[in-house]
1. If you take the residues of the range 479-494 that are aliphatic (A, V, I, L, M) and surrounded by fewer than 22 Cβ atoms within 10 Å (Cβ to Cβ), which of them is nearest to Met531 (Cα to Cα)?
2. How many of the residues making up the range 207-220 are out of contact with any Cys (no Cβ under 8 Å at 6 or more places or on another chain) and more than 19 Å from Ser37 (Cα to Cα)?
3. Considering only residues that are surrounded by fewer than 15 Cβ atoms within 10 Å (Cβ to Cβ), outside any loop (DSSP other than H, G, I, E, B) and small (Gly, Ala, Ser), which ones fall in the range 100-145?
4. Being at pLDDT below 95 and among the hydroxyl-bearing types (Ser, Thr, Tyr) is the filter here; which residues of the range 283-303 pass it?
5. Kindly indicate which of Trp306, Trp327 is surrounded by 14 or more Cβ atoms within 10 Å (Cβ to Cβ), closer than 30 Å to Pro93 by Cβ, touching a helix residue (DSSP H, G or I) at 6+ places or on another chain (Cβ under 9 Å) and modelled with pLDDT of 90 or more.
6. Restricting to the range 523-541, count the residues that are assigned to a helix (DSSP H, G or I) and over 20 Å from Ala489 (Cβ atoms).
7. Residues that are touching a Gly at 6+ places or on another chain (Cβ under 8 Å) and either closer than 16 Å to Ala400 by Cα or buried (at least 23 other Cβ atoms within 10 Å of the Cβ) (or both): does the range 67-75 have at least one?
Amino acid sequence: MRRELGDLQGREFDLVVVGGGISGLCAAWDASQRGLSVALLESRDFAHAASANSFKMIHGGIRYLQHADLVRVRTSARERRALLRIAPHLTRPLPIFIPTYGHGLKGREILMAGMKLYDLLTADRNRGIPDRARHIPAARSVSRARALELFPDLHPSGLTGGAVFHDGQMVSPARLALAFGSSAAKLGAVLANHCEVTELLRDRQAIRGVVARDRLEDRWFEVRGRVVLNAAGGWAPDLLASSPPLGLRPRPVFSRDACFFVRRAHPASMALAVTGSSRDPQAVFSRSARHLFLVPWRGGTLVGVWHAVWDRDPSAARVTEPELLEWIGEINAAMPGLALGLGDVALTQCGLVLFAENEPGASNLKYGHRSLIVDHARADGVEGLITLVSVRYTIARTEAARVTDLVFQKLGRRPPPCRTGETRLFGGDFESFDELVRDARRQSGASLPQAAVEGLAHNHGSNFPAVLSLAREAGGAMLLVPGSNTLEAEILHAVRSEAARTLSDVVLRRTDLGAAGHPGAAALETAATLMAKELHWDATRRQKELDVTSAAFPALTP
């Protein structure tokens with residue numbers, strides 16, 4: 001995938017996608033796979049917002065049992081299965097332990113009954129997944145003694161044990177999104193990051209394309225398309241507002257979903273669900289307050305998720321220090337033995353997701369349940385425009401399939417079957433991840449740490465030889481960025497083959513450098529030097545890139 005803006009001009013595409021988050025990238029891949037010509041423009045970088053900053057969970061829908069929403073249970077489990085199948089290098093099962101206290105509704109017996117029902121409803125959860133290491137096991141009961149062995153900081157009073165179920169986890173949400181984009185590009189789609197769509201091209205009662213600005217070169221250009229898909233997430237309403245009477249009525253509500261990462265080793269190889277302070281007002285069956293999760297991640301612990309209605313500028317969404325202190329207090333109340341402090345936080349992340357209508361100041365918030373798909377021919381009398389705002393990362397693929405069917409309808413063509421649930425993504429052409437790691441070890445030689453080999457296999461999958469080839473071209477040595485397990489060749493590959501154009505693109509979304517917090521000054525300096533040489537940055541541009549990237553990490557006062 002290369003950033004070739006010239007390929008966007010002088011032609012008319014079947015579909016122009018605005019927005020390079022997971023929804024837009026899934027739509028680009030599906031439409032390309034079904035034979036449409038596709039252009040995609042993203043104002044910043046691919047997956048730069050909610051997609052990259054998600055909690056990294058692939059939700060199989062177990063909590064929708066509480067809502068008695070069996071359709072969402074089945075849909076979520078199907079999509080989890082699809083992601084485990086088509087991206088075996090970037091997804092994996094995640095065991096999650098839920099402790100129980102007392103008996104009755106909050107006890108282990110009722111919890112296991114619910115989990116057994118869930119197992120029954122998702123009996124086909126592993127169909128078509130060849131690698132058994134990617135299978136989702138059935139839930140199991142855990143004794144009190146074993147619970148305390150796994151998590152010694154649990155409140156022992158009234159503890160009766162608990163249960164373990166499995167969901168899915170993304171190794172890297174940004175790279176998973178990029179794999180969808182690379183798959184689309186391989187089929188001919190033209191993808192351009194750092195290109196801001198400022199206006200919809202309108203011809204009377206039809207949209208015929210978009211006007212965009214190259215944010216890197218400050219150049220304006222038009223991209224023509226027979227259908228335009230507005231998949232700009234939290235920015236989707238603002239794009240429509242630029243061309244009245246288009247709009248979303250009522251205006252959708254967005255939540256700023258947030259989490260934080262601490263560089264403190266998680267006590268077990270499984271996630272822990274603890275009881276938070278808010279309840280789910282939409283639950284038909286509720287055992288207790290909502291759960292917060294402590295998840296093993298990159299040698300530390302990822303903690304979340306917190307929700308807050310966000311009705312301000314989407315670009316300004318962030319986590320404040322007072323909020324972080326409040327959340328740390330909530331976690332410490334649930335697990336006093338953790339004794340977390342502000343100084344433990346290495347990274348905060350947040351993004352905007354579709355939410356439900358809530359009363360002003362409500363503490364027990366209602367989540368969004370359904371994605372938003374709007375055909376503006378029906379809603380506004382304007383042809384050639386569709387808006388998609390997906391409610392969750394996990395179901396973006398299936399929502400994109402619905403939109404692609406609609407695009408074919410608008411083009412007056414019968415849609416071929418969607419095959420994105422079975423077709424491996426770029427880099428996913430292998431059967432066993434363990435064997436892929438062994439192959440990467442054989443080809444990289446004995447000098448690389450095992451963590452670097454595994455990172456190479458995870459991030460690039462079956463395409464890892466392309467990175468090793470760059471390393472050999474650069475002198476033969478498998479050089480690592482200082483203080484990391486990231487190859488210098490991964491930075492070169494990101495620039496030359498993955499459209500990385502800023503230091504943040506590389507540090508936050510193409511490599512593992514910033515996945516667990518600030519990677520250190522030496523790492524940033526090395527990455528900036530490599531990119532400056534590749535992209536011909538002068539000293540001023542190089543320093544600007546360092547400053548912008550450093551500002552992405554929290555500067556907290558312990």
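1. Leu492
2. Count: 5.
3. Of everything in the range 100-145, those that are surrounded by fewer than 15 Cβ atoms within 10 Å (Cβ to Cβ), outside any loop (DSSP other than H, G, I, E, B) and small (Gly, Ala, Ser) turn out to be Gly104, Ala113, Ala133, Ala145.
4. The answer is Ser286, Ser288.
5. Working: Trp327 fails: touching a helix residue (DSSP H, G or I) at 6+ places or on another chain (Cβ under 9 Å).
Going through Trp306, Trp327 in turn, the sole match is Trp306.
6. 3
7. Yes - at least one qualifying residue is present in the range 67-75.
Let's see how each residue does on (1) at pLDDT below 95; (2) under 21 Å from the mean Cα position of the chain (by Cα); (3) polar (S, T, N, Q); (4) surrounded by 17 or more Cβ atoms within 10 Å (Cβ to Cβ):
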residue	(1), (2), (3), (4)
Pro173	no, yes, no, yes
Val190	no, no, no, yes
Arg213	no, no, no, yes
Gly233	no, yes, no, yes
Leu246	yes, no, no, yes
His266	yes, no, no, yes
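The values are calculated or read from the model by the stated rules, or taken from the named source; none is laboratory data. Model, not experiment: these values are computed from the prediction. FYI the Cβ positions are ideal-geometry reconstructions off the backbone, even for glycines, and counts take in every protein chain you see.
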